[in-house]
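Heads up: the structure comes next, in structure tokens.
The values are calculated or read from the model by the stated rules, or taken from the named source; none is laboratory data. These numbers come from a predicted model, not from an experiment. Cβ sites come from the backbone with ideal geometry, for glycine too, and all protein chains shown count toward neighbours.
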There are 2 protein chains.
Amino acid sequence: MPRPATVSPDRILAAAAAEFAERGYAGARVDRIARKARVNKAMLYYHFGSKQALYRALLRNTFAVVAARLQHIASSDRPAAEHIDQVVDTLAMFVSEHRHFPAIMLREIADGATHLDRETVRALAALPATVAGIVQQGITRRELRTIHPLVAYLTVLAPIVMFLAGTPIRKELAAEHVAGAANLTTAVFLSQLKDVMRRAFALTPSERIR
Amino acid sequence: MPRPATVSPDRILAAAAAEFAERGYAGARVDRIARKARVNKAMLYYHFGSKQALYRALLRNTFAVVAARLQHIASSDRPAAEHIDQVVDTLAMFVSEHRHFPAIMLREIADGATHLDRETVRALAALPATVAGIVQQGITRRELRTIHPLVAYLTVLAPIVMFLAGTPIRKELAAEHVAGAANLTTAVFLSQLKDVMRRAFALTPSERIR
DNA sequence: GTCTATACTTCGATAGAC
DNA sequence: GTCTATCGAAGTATAGAC
């Protein structure tokens, strides 16, 4: 007898993602998460123990999945420039399936990991470590110019995350007539960003000769 | 008789910046802001009316100042590439004086401007509008390649803000041995970022001919 | 303008029955 | 595993004296 696809803990995690993304750790309400997940609040505590433990479980979970997907890129036998494109696309794809990820990430940076334990921090660390590793591989192979891998990580990831988390505020800006705020689609953004990143990390012709 | 340099409302705003940056709107505590500002809580309500009004006042204030500083860049008679450097430096300088700005900005993006009124949104809008304007000027003068000005805005600003807001979490990552997390200074970051942005927005030789 | 005391509300968490 | 009812802590805000 197959279990229903979304069993309680999973539904709770999904509801928690929405609530924590929308309101932040402090603004999130356990009652609201339980209601969104259509479980009793006592049930939530039965499965996760506390608001904090639920938050940590959500973050470990989410970051483990992104990092795992990015890991595949490093092992594929493609030019480094293409790896960068794949990082952008993989991130964008992941977010299209986990719409609450960007806001949670922005909030966690602002929070400075205050609500996290060591194990969860380790899970978060896999994201920069993986992207930095991909960049470092390109540099070592002399396909990308020398750059601090974390600078490259931030240069690629920060705009994506901010763009995707920023959809609501971009609508507000469009209402205040900020030029271009109304007509910037995700597709245009991603394609221009990939172009920008290629130019930013490519070896110049003179560097290529050596 | 000159008033003391930091009169009550200013001290309250400074304390509010620290508190809202560290904990977010929902996590911020009015009592804590009052204590940090060394004013009575009733005094805070006397001056600002509510937690929300205080938050809005802080944001209007802060964003008006950044935008004003950036406005100067557009009117200076320098090459567009230099304008981009100046945007980076101006933002970095502003943050060195307003250390709580990056975290507040990340949180406000994640919040989607929910706690703001129209006037405050307008104040926030000045930041992307100004940077996009500087980029657009460079494109019009055929000194930068064609790019959506908001893509350029996000490409420049997102990494800076995330880097500067991310100092606490970067220390956590360093403790978990993420390569390079321990040795990335602000100076190195800014200089590499400027380099990245120049390459990203520069006209290619063939484009320059036309 | 400044302070003390407190009203009112919301929230995280649990006890205890089933 | 599931639910109802509720406790106790914290939080925003204000009344009212000075």
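For region B:135-151, the tally of residues that are of a type in the set (Lys, Arg) and at the interface with another protein chain (Cβ under 10 Å from one of its Cβ atoms) stands at 1.
Here residue B:76 meets each of (1) more than 22 Å from the chain's Cα centre (by Cα); (2) over 26 Å from residue B:107 (Cα atoms); (3) polar (S, T, N, Q) with one exception, condition (1).
Is it the case, given these coordinates, that residue B:81 is at pLDDT 95 or above and touching a helix residue (DSSP H, G or I) at 6+ places or on another chain (Cβ under 7 Å)? It is true that residue B:81 is at pLDDT 95 or above and touching a helix residue (DSSP H, G or I) at 6+ places or on another chain (Cβ under 7 Å). Only one of the numbered conditions (1) touching a helix residue (DSSP H, G or I) at 6+ places or on another chain (Cβ under 6 Å); (2) assigned to a helix (DSSP H, G or I); (3) at pLDDT 95 or above is not met by residue A:39, and that is (2).
Looking at the structure I just gave you, is residue B:132 within 12 Å of chain A (Cβ to nearest Cβ), without any contact (Cβ under 8 Å) to a residue 60 or more places away in the chain and within 15 Å of the chain's Cα centre (by Cα)? Yes. Once region B:115-129 is narrowed to residues that are part of a helix (DSSP H, G or I) and more than 7 Å from every other protein chain (Cβ to nearest Cβ), the residue that is surrounded by the fewest Cβ atoms within 10 Å (Cβ to Cβ) is B:119. Looking at residue B:144, is it surrounded by 18 or more Cβ atoms within 10 Å (Cβ to Cβ) and under 21 Å from residue B:190 (Cα atoms)? The answer is yes for residue B:144. Selection of region A:182-196 for residues being within 10 Å of another protein chain (Cβ to nearest Cβ) and either aromatic (Phe, Trp, Tyr) or in a helix (DSSP H, G or I) (or both) yields A:188, A:189, A:190, A:191, A:192, A:193, A:195, A:196. Of the residues making up region A:149-179, those that are outside any helix (DSSP H, G or I) and either surrounded by fewer than 21 Cβ atoms within 10 Å (Cβ to Cβ) or hydroxyl-bearing (Ser, Thr, Tyr) (or both) number 3.
When B:208, B:199 are checked against the criterion of being over 25 Å from residue B:99 (Cβ atoms), assigned to a helix (DSSP H, G or I) and within 8 Å of chain A (Cβ to nearest Cβ), a single residue qualifies: B:199.
Taking the conditions exactly as written (touching a helix residue (DSSP H, G or I) at 6+ places or on another chain (Cβ under 9 Å), at pLDDT 95 or above and away from DNA strand D (no atom under 16 Å from the Cβ)), does residue B:13 satisfy them or not? Judged against the criteria, residue B:13 is not a match.
For residue A:209, indicate whether it is aliphatic (A, V, I, L, M) and modelled with pLDDT under 95. Taking the combined requirement at face value, the residue satisfies it. Inside region A:91-114, residues that are part of a helix (DSSP H, G or I) and either of a type in the set (A, V, I, L, M, F, W, C) or free of Cβ contacts under 8 Å to residues at least 40 places away in the same chain (or both) make up a count of 14.
The sole residue among B:101, B:94 that is more than 16 Å from DNA strand C (Cβ to nearest atom), within 13 Å of chain A (Cβ to nearest Cβ) and either touching a strand residue (DSSP E or B) at 6+ places or on another chain (Cβ under 9 Å) or not aliphatic (A, V, I, L, M) (or both) is B:101.
In region B:34-83, the residue that is surrounded by the fewest Cβ atoms within 10 Å (Cβ to Cβ) out of those that are within 16 Å of DNA strand C (Cβ to nearest atom) and within 14 Å of another protein chain (Cβ to nearest Cβ) is B:52.
Would region A:181-198 turn up any residue that is over 29 Å from residue B:67 (Cβ atoms) and either touching a Pro at 6+ places or on another chain (Cβ under 6 Å) or buried (at least 22 other Cβ atoms within 10 Å of the Cβ) (or both)? No: region A:181-198 contains no residue that is over 29 Å from residue B:67 (Cβ atoms) and either touching a Pro at 6+ places or on another chain (Cβ under 6 Å) or buried (at least 22 other Cβ atoms within 10 Å of the Cβ) (or both). Scanning region B:152-166 for residues being of a type outside the set (Phe, Trp, Tyr) and facing chain A (nearest Cβ under 7 Å) gives a total of 7.
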